[in-house]
Amino acid sequence: MLLIRLILIFTFVVTLPCLVADPLYDIDLTVARQGFDKKMCWVQARAGAIPGKNGDRPIAVMTLQKLLLTGSDVFFALNEMRSTDGGITWTEPKEHASFARQPFVFKGKDDLEMTVCDFTPAWHGKTGKLLGTGHTVMYENNKVMHVRPRLTPYSVYDPETQSWSKWQTLKMPPDAKFVNSGAGSVQRYDLPNGDVLLPIYYKELEGKRYSVTVLRCSFDGTELKFVEHGSELTVPIGRGLYEPSITHHKGRYFLTLRNDQAGYVAVSDDGLKFSEPRKWTFDDGELLGNYNTQQHWVSHSEALFLVYTRKGAGNDHVMRHRAPLFIARVDPDNLQVIRSSEQVLVPEKGARLGNFAVTQFSKDETWITVTEWMQTIGPKYNDPEKLMKMGADNRVWVAKVKWKTSNGEFR
């Protein structure tokens, strides 16, 4: 029996450069692991939380996978790290064979490989299951195929065996526009009746521009089924809209979207029919400065927050300005980010932090998980030494947003 080595993590409260500390929360910034072999690095760290029994703490299940530094988005099988003590200690990454690359045939080519990436686990309360979704990627000679189909895989976690079910794919309507569609890096929202609002992005096989829609799916604890989809949203800029994330706040649904030139936001009363997307701005009207990377939501009963990266933070040396990671309040009526509320959530140490996720760990804590991605700006994009000199070490960060009551005490 293999001995699982626990990693003790260094936990500290960060002093954040903001105008006024937010009265709703404190931030406890921790490192779940760090270090790498300079050939591959850990990426796509996203956690799900299984509620504890009889007053026990939730079990945190974090998925992550290795990236080949000499390639572009060359991923390998999903691994898992677990914590049963609220993120104080974590197990070493454990690879899941069910997510290993598998042979795939496309257009007569039988030497292709397919795997799951951009995977996000989240608790499904109605069925009491940890459900993970993502999308597929296809490789030819260990390079991402430019023209390829894309699917939405899903899997269910078994906490007793500490394993994921063999992944299945969501059956979509037989429309050409959905041949390349997936839920990679998205944030979903589960309705009280158990239906899942799952945002996806999609395009025809030879299409140049992505669109976004929100799917309503049923989930019975085993099978995820398409029911309907909502508005089809895009913009005539770059690759369109993609990597969407949805949340619910005070009776309305909010959608944040990636675009090559700017982040976008849209709003809905029913979670399916959304307003026309508009660019994210600060409350003074200036563009937020987020571009070509994802943003995600932190939702609290008293306020709505956006987590994002942006230009203009002394970070021109970071690829696509993808660090530091910021959190700020959102004005839900004007759909703007409140500049005075902005705080650094995860610091910049040279490496990008653009691929991250938000986890509702408990009623007291929301976690943001992210890794230091150890590829840099070209021409030597696969040489991590430059990043290491600036302090990056492929850390797996867990930023814990700890919610407070009005008198300043933790709930």
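Extension gain, Asp383 to Ala21: 0.36 nm times the residue separation minus the Cα-Cα distance gives 126.5 nm. When the pairs Lys94/Lys166; Lys143/Lys349; Lys250/Lys349; Lys126/Lys250; Lys129/Lys349; Lys250/Lys400 are compared against a 26 Å limit on Cα-Cα distance, Lys143/Lys349; Lys250/Lys349; Lys129/Lys349 fall above it.
Of the GluC sites (Glu not before Pro) found in segment 219-269, those that fall in a DSSP loop while having at most 14 other beta-carbon atoms within 10 Å are Glu223, Glu232.
Here the chain is treated as a sphere whose radius is the Kirkwood value from Cα pairs; by Stokes-Einstein at 37 °C and 0.692 mPa s it diffuses with a coefficient of 153 µm²/s. Spin-label pair Lys143-Leu272: with each label point 7 Å from Cα along the Cα-Cβ axis, the two points sit 4.3 nm from one another. Placing a label point 7 Å from the Cα of Thr222 along the Cα-to-Cβ direction, the residues of segment 134-168 whose backbone N falls under 17 Å of that point are 154-159, 164-168. Only Lys, Arg, Asp and Glu carry charge here, each on its Cβ (+1 for the first two, -1 for the last two); on that basis segment 313-411 has a dipole of about 100 debye about its Cα centre. Taking label positions 7 Å along the Cα-Cβ direction at both Ile88 and Lys311, the computed distance is 4.5 nm, reported to one decimal. Percent of C-alpha pairs per 10 Å bin in segment 256-411, short distances first: 11, 37, 34, 16, 3, 0. Of the residues Val307, Thr136, Val401, the one whose Cα sits farthest toward the positive end of the charge dipole of segment 6-403, with +1 on the Cβ of Lys and Arg and -1 on the Cβ of Asp and Glu, is Thr136. Projecting the Cα atoms of Met62, Pro93, Ser185 onto the charge dipole of the chain (Cβ charges, centred on the Cα centre) puts Pro93 farthest toward the positive pole. Dipole magnitude for segment 6-403: computed about the Cα centre from +1 point charges on Lys and Arg Cβ and -1 point charges on Asp and Glu Cβ, it is near 700 debye.
Cα centroids of segment 343-410 and segment 158-204: how far apart, whole angstrom? Result: 25 Å between the Cα centres.
FYI, it's all coordinate maths here, none of it is from the lab. Just so it is clear, the structure is predicted and the values come from calculations on it, not from any experiment. So basically every Cβ, Gly included, is an ideal-geometry build from the backbone, and we count neighbours across all protein chains shown.
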